[in-house]
1. With respect to Asp48, is the statement that it is in the same structural domain as Gly341 (by TED's automatic domain parsing), among the charged types (D, E, K, R), out of contact with any His (no Cβ under 6 Å at 6 or more places or on another chain) and assigned to a loop (DSSP other than H, G, I, E, B) true?
2. Do we find that Asp83 is within 26 Å of Tyr321 (Cα to Cα), among the acidic types (Asp, Glu) and in a loop (DSSP other than H, G, I, E, B) in this structure?
3. Looking only at region 307-328, which residues are crowded, with 21+ Cβ neighbours inside 10 Å and either of a type in the set (Phe, Trp, Tyr) or within 25 Å of Arg146 (Cβ to Cβ) (or both)?
4. Which condition does Pro114 not pass, out of (1) more than 24 Å from Asp71 (Cα to Cα); (2) touching a Lys or Arg at 6+ places or on another chain (Cβ under 7 Å), if it passes all the others?
5. Could you give every pair whose Cβ atoms fall below 6 Å, whose first residue belongs to region 254-272 and is touching a residue at least 24 places away in the same chain (Cβ under 8 Å) and in the same structural domain as Ala177 (by TED's automatic domain parsing), and whose second residue is among the β-branched types (Val, Ile, Thr) and outside any loop (DSSP other than H, G, I, E, B), counting only separations of at least 6 or pairs across chains?
6. Please work out if Ala38 is closer than 30 Å to Pro302 by Cβ and aliphatic (A, V, I, L, M).
7. Yes or no: region 157-165 includes at least one residue that is assigned to a helix (DSSP H, G or I) and either assigned by TED's automatic domain parsing to the domain that holds Ile56 or in contact with a His (Cβ under 6 Å, 6 or more places away or on another chain) (or both).
8. Go over the candidates Arg214, Arg256, Arg178, Arg190 one by one and state the one that is in contact with a Gly (Cβ under 9 Å, 6 or more places away or on another chain) and basic (Lys, Arg).
Amino acid sequence: MQAVEILEKLVGFPSVVGTSNADIVAWIRGCLQSHGIAATVLPGPEGDRSNLFATIGPMDVSGYILSGHMDVVPAAEGGWTSDPFRLRAEAGRLYGRGATDMKGFLAAVLGAIPKLAAMPLRRPLHLAFSYDEEAGCRGVPHMIARLPELCRQPLGAIIGEPSGMRAIRAHKGKAAARLTVRGRSGHSSRPDQGLNAIHGAAGVLTQAVAEADRLAGGPFEHVFEPPYSSLQIGTVKGGQAINIIPESCEVEFEARAISGVDPAELLAPLRKTADALAAQGFEVEWQELSAYPALSLEPRAPLATLLEELTGLEPLPAVSYGTEAGLFQRAGIDAIICGPGEIGRAHKPDEYILVDELLACQAMVEALGARCSA
């Protein structure tokens, strides 16, 4: 099948983050098997989601990883002009949830399989397809932990997030957490008999705002926009009615960190303040939702040079959003971002990718295969 046909199949699987991905995994596995390529399915601890890993070429030498995620964000928002899980072609555009983020990359890689399978590869190409990236890169760490038994230490990993087919060398790290404060309900006329959970959480909220302001003062890394680490309160939920003392309050925080800064550490002061609420009689629960490190690849790293030669474009220094690339780098594998489509089209109605972008990515993957055959 051609890349467009493959994308049509992939978009047809509603592999929404946090749900089972058994169907799309089985289809991709079957697609690879039809070309004589064995794929290893790696179930995650959730029980209904899996990563998938496959190797094209020799197993006893180091090669390159082509990495992408199979999950997509939900498509329940209004504004879609067609079924988001049915690919629609119009004027050179291919519309559908995940067309850009990032089933387009998966389709381009799978579209290149016939040529790759026929090449006399001296170095292997590994396919590393993950789950639940959209929930904070929850799936890929389980696959990275298994890499020593699946392949030789890779030379590098190409993460195919939408970048306009221009390589990107760096991104920020991210950590997210949920705080739940539980007090005691009652009538608002007798605050002395209740314990207001929103009041209890207010001190942590105030501290979060102060921490965000402090981080804006540096340290700085000017390849990013903004050039500093950031922290924000994303959601606040609590209370039932104006005359009822709120029994619970739930708050979600997010931190994004420049290189060399642990994003989880940016949230640590908030957790310390939250834990102190127990002394006032509140029940406190702090849940880490996700965390991944920043990516920082040197300008003249061999992987950056390779991508510049393959694409004909000088790599961009950085983006502020995050990917799985930082996790590969933390595992000792050089990583870089390069994929078809534009990030500005993702996570919105009528998400699309251009046919030309899809084919350009397939050509890049085939060119990488040719390099690995030389």
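The values are calculated or read from the model by the stated rules, or taken from the named source; none is laboratory data. Computed from a prediction, not measured in an experiment: that's the story for all the values here. So basically every Cβ, Gly included, is an ideal-geometry build from the backbone, and we count neighbours across all protein chains shown.
1. Yes; evaluated as a whole, the condition is true for this residue.
2. It is false that Asp83 is within 26 Å of Tyr321 (Cα to Cα), among the acidic types (Asp, Glu) and in a loop (DSSP other than H, G, I, E, B).
3. Of everything in region 307-328, those that are crowded, with 21+ Cβ neighbours inside 10 Å and either of a type in the set (Phe, Trp, Tyr) or within 25 Å of Arg146 (Cβ to Cβ) (or both) turn out to be Gly322, Thr323, Glu324, Ala325, Gly326, Leu327, Phe328.
4. The failed condition is (2).
5. What qualifies is Leu270/Val204.
6. In short, yes.
7. The answer is no, given that none of the residues of region 157-165 is assigned to a helix (DSSP H, G or I) and either assigned by TED's automatic domain parsing to the domain that holds Ile56 or in contact with a His (Cβ under 6 Å, 6 or more places away or on another chain) (or both).
8. Of the residues listed, the single one that is in contact with a Gly (Cβ under 9 Å, 6 or more places away or on another chain) and basic (Lys, Arg) is Arg256.
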